[in-house]
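Just so it is clear, none of the values below were taken in a lab; they were calculated from the coordinates. Please read all numbers here as calculations on a predicted model, not as lab measurements. Backbone-built Cβ (ideal geometry, glycine too); neighbour counts: all protein chains shown.
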Amino acid sequence: MNHPAINSDRLWSEIMESSQFGQAAGGGITRRALTEPDVQARNWLIEKMRQAGLEVRIDDAMNVIGTLKAKSPRSKKAGAMGSHFDTVPNGGRFDGILGVLAALECARTFNEHGIDLPWDLEVISFCDEEAGYNAGTIGSRAMMGLLQDGEIYLSKGKEGPTFADNLKRLGKDPENIYRAKRDPSDLVFFLELHIEQGRVLENAEKQIGVVTAIVGIYRYVVTVRGEAAHAGTTPMHLRQDALVEAAPMFTMLPAWVVERNPDMVGTIGQVKVEPGATNVVPGECTFIVELRSQLPEDMQAVRDRLFEYCSKRSGWDVKKIYEKDSVQLSAPMIDIISAAAGEGKLNWMAMPSGAGHDAQTLAPSVPTGMIFVPCRGGISHSPREWIEPQNAADGCQVLFNTVQAIAEKKSITMW
Ligand SMILES: [Zn+2]
């Protein structure tokens, strides 16, 4: 198939331009969803979409949706591409942004070349993928009707504005967020281009990763209670030091994980000690346990072990934050993306994603594909996150070729 080339210079300059919104003191970007930098960035994006000839709407979950209308549609459904525009604190220029701006570049290329698609083509910038408030992927879950009751009223660390507070500030009624739900069968497909955020592609010297599955993530909060006491006057044998009581778990959990399956991962990445002073024996220790695997049974096994351990010890309490199982991406979509990469003479490999993405939310109900490009040293969620312009161009061209290949299929209901 003959594919027009996307404009790689334009894509790159837009990626660089978008990094002006939310520049952080640490050299990265802090663009939490619904904050001022996010509002500025979305206004910029909306303007770009309009200039590209897209019709733009913002749904009740603050997802930005730009649509390239089909001139003679053969279906009422729409094809969709996208990712997210929010970042973690002091994050990078590419995580999420690449997927949105590459989708925009693809839509613009279709428009400029007058290629008539059988369905409307949407460019979606999902709101709050990065857990700026609570659990993340708020926008994509709202669209798929997967929000949990009341979760937009919760805030990270029990303080600061909630997602609902900021919706109100921006003139949206939080209760309307449920109206962002769409019928999944209205979408022919969803495609997300993203940086890998790991070093598998770089190590294998591949230009494209075709994602086969996205790992599941289970998270729990464990609280260990002891007794706060004066660090100078309380003898060792009279202490109930919550941190010391909790400490064995920090090495035990990784051991349980490896024992169960060397391919799964488990992390305790957040530990809080109360009252948290040099001269006070810790009275309470709270930590988050995170498990990731493609196999739910592995995560369940480690979870059960954790719960059993906690139940047998006094002062220990464990609560589920959430459990999200892995999802397989659409097999026909994997074939089409691989073919598109091969056609472009790019070295590609099939691989699972160890990070969660908006694609994960859509995959159970919409034929979904995901394309990875390498990022330098696998570094992400950091000011040092970097890709080469060629990586952006390759990923965007594969995205474009994939959409065109789907459009050329005789039957768009093949799935
Ligand atoms: Zn991302």
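Values as computed for the structure displayed
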| quantity | calculated |
| --- | --- |
| Rounded tilt (10° steps) of 8-18 against the dominant C-alpha axis of the chain | 40 degrees |
| Inter-label distance for LYS345 and GLU323, nm, one decimal - labels placed 7 Å from Cα along Cα-to-Cβ | 5.1 nm |
| Estimated FRET transfer efficiency when R0 is 30 angstrom, pair ILE379-GLU227 (beta carbons, to 0.05) | 0.10 |
| Segment LEU295-ASN43, extension gain: residue separation times 0.36 nm, minus the distance between their alpha carbons | 86.7 nm |
| Whole-Hz couplings from phi, Karplus 6.51/-1.76/1.60, listed for segment 269-274; x for Gly and Pro | x, 9, 10, 10, 10, 10 |
| Burial ordering of ARG141, ARG10, fewest other beta-carbon atoms within 10 Å first | ARG10, ARG141 |
| THR212 long-range amide H proximity, modeled H, under 5 Å | MET351, SER353 |
| ALA70 long-range amide H proximity, modeled H, under 5 Å | ASP120, LEU121 |
| Fewest-first sequence of ILE379, ILE208, ILE15 by Cβ atoms within 10 Å of each Cβ | ILE379, ILE15, ILE208 |
| Centre separation in Å (Cα based) which lies between segment 345-415 and segment 124-157 | 22 Å |
| Zone residues, segment 251-283, relative to ARG199, backbone N less than 17 Å from point 7 Å out along Cα-to-Cβ | none |
| ³J(HN,Hα) computed for each position of segment 108-115 - Karplus, 6.51 cos²θ - 1.76 cosθ + 1.60, integer Hz, glycine/proline x | 5, 5, 4, 5, 5, 8, x, 7 |
| Karplus-derived HN-Hα couplings along segment 348-360 (A = 6.51, B = -1.76, C = 1.60, θ = phi - 60°), whole Hz, x at Gly and Pro | 10, 9, 7, 7, x, 9, x, 10, x, 8, 4, 4, 4 |
| Pairwise FRET efficiency - MET16 versus LEU170, Cβ, R0 = 30 Å, nearest 0.05 | 0.65 |
| Inter-part distance where segment 31-98 and segment 205-241 are each reduced to a Cα centre, Å | 35 Å |
| Subset of LYS48/LYS172; LYS156/LYS206; LYS48/LYS181; LYS48/LYS320; LYS77/LYS206 violating a 31 Å alpha-carbon distance limit | LYS156/LYS206; LYS48/LYS320; LYS77/LYS206 |
| Segment 162-257: GluC sites (Glu not before Pro) in DSSP coil with no more than 16 other Cβ atoms inside 10 Å | GLU205 |
| LEU154 versus ASP116: modelled label distance in nm, points set 7 Å from Cα along the beta carbon direction | 5.0 nm |
| For PHE189, distant residues with modelled amide H under 5 Å away | ALA80 |
| Rounded to 5, percent antiparallel among DSSP beta bridges of the chain | 65 percent |
| Three semi-axes of the equivalent ellipsoid, segment 216-324, Cα gyration tensor, whole Å, largest first | 30, 12, 11 |
